[in-house]
Amino acid sequence: MKWTDSLDIAIELYDSNPDIDPKTINFVDLRNMVMALEEFSDDPNRCGERILEAIQMAWIEEAE
């Protein structure tokens, strides 16, 4: 997965962290969680606030 795969990342985060409320996570923690995903393989420097926002929104939708 790459940073642009926000929906796929959100699904993985939801499946691997069912006890975390995505509305309460900060971007630093979110970025670290994404980079820790086994399927993730992208340059950490390609990540920005917009990308993290998209991932967080997709995760919130997945959780609801």
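The values are calculated or read from the model by the stated rules, or taken from the named source; none is laboratory data. Since we're looking at a predicted model, the values are computed, not measured. Neighbour counts are summed over all protein chains in view; Cβ atoms, including those assigned to glycine, are modelled from backbone coordinates with ideal geometry. Protein only, heavy atoms only, side chains kept; ligands, DNA and RNA dropped before computing areas. Shrake-Rupley method; radii C 1.70, N 1.55, O 1.52, S 1.80 Å.
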| task | Output the residue which, of all residues in the stretch 53-64 that are open to solvent by less than 30 Å² (accessible area, probe 1.4 Å) and of a type in the set (A, V, I, L, M, F, W, C), is farthest from the chain's Cα centre (by Cα). | result | Ile60
| field | Count of residues meeting criterion [charged (D, E, K, R), in a helix (DSSP H, G or I) and within 11 Å of the chain's Cα centre (by Cα)] in the stretch 1-52 | value | 4
| query | Phe40 versus (1) within 16 Å of Glu62 (Cβ to Cβ); (2) among the aromatic types (Phe, Trp, Tyr); (3) open to solvent by less than 70 Å² (accessible area, probe 1.4 Å): which is the lone unmet condition? | reply | (1)
| query | Which ones in the stretch 2-28 are hydroxyl-bearing (Ser, Thr, Tyr) and open to solvent by less than 60 Å² (accessible area, probe 1.4 Å)? | reply | Ser6
